[in-house]
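Take a look at the structure set out below.
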Amino acid sequence: MERTVVILKPDCVQRQLVGEVVARFERKGLKIVAMKMLRVSDEMAHRMYAEHDGKHFHAALVAFVTSSPVVAMVLEGPRALAVCRGLLGPTDGKAAPPGTIRGDFGHSSRNNLLHASDSAESAKRETAIFFAPAEILEYDLSIAPWVYWEPPGAKT
């Protein structure tokens, strides 16, 4: 099983889309192993967007993610990274196809509703920014056999 971090950004919270967005991840079969609402500090934001430090848009990213509460989640499932990024759709909501979260609710490239880890390494780093180890819950999802079943020998 793979884990990824998803952050419902300030515009998602302010537009009251949290329930709808969380429901999409759950309906896809992803398991929430950690979730909380918080205000991102400047220090957390700089750690979150470290790879963009020095770029012309870095300051705007930090200002945006610290402007209002966010909801941070760790999701788990087979190919969770790719599944989450597919559910989000392209960064620019105007270009995102219908059926994706950004395609259905987004109309901006800057206020793009969500952040999702882009690699296993990023997911580990981002998990440590938002969650203490004790906040990550291990449990069996009772529907897992109905959602994750693959034929013997199938590549996942």
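Laboratory data are not the source of any read-out in this text; all were calculated from the coordinates shown. The shown structure was predicted, so the numbers you read here are calculated from the model rather than taken from an experiment. No Cβ is skipped: glycine too gets one built from the backbone with ideal geometry, and neighbour counts run over all protein chains shown.
Worth a mention:
- Order of His115, His56 - criterion: other Cβ atoms within 10 Å of each residue's Cβ, fewest first: His56, His115
- The candidate values are [x] 26, 18, 15; [y] 43, 19, 14; [z] 28, 17, 12; the one derived from this structure for semi-axes √(5λ) of the Cα gyration tensor in Å carries the label [x].
- Exposure proxy ranking, count of Cβ atoms within 10 Å, fewest first, for Tyr148, Tyr49: Tyr148, Tyr49
- Gained length - Gln14 relative to Ala134, 0.36 nm times residue gap less alpha-carbon distance: 40.3 nm
- Max mean-square fluctuation residue, GNM over the chain, Cα-Cα springs under 10 Å, options Arg15, Arg125, Arg110: Arg15
- With 32 Å as the limit on Cα-Cα distance, the pairs of Lys9/Lys55; Lys28/Lys124; Lys9/Lys155 that go past it are Lys9/Lys155.
- Entry note, the chain: the mean residue ellipticity at 222 nm calculated from DSSP H runs of n ≥ 4, each adding -39500 (n - 2.57), is -10000 deg cm²/dmol after division by the residues and rounding to the nearest 500.
- Among Leu87, Gly103, Val33 - extreme Cα towards positive end, dipole of the chain, charges at beta-carbon: Gly103
- Principal-axis tilt of helix 120-130 within the chain, Cα atoms, nearest 10 degrees: 60 degrees
- The chain - percent relative contact order, Cα under 8 Å, separation 6 or more: 35 percent
- FRET efficiency for the Asp118 to Val147 pair, using the beta carbon distance and R₀ = 35 Å, is estimated at 0.90.
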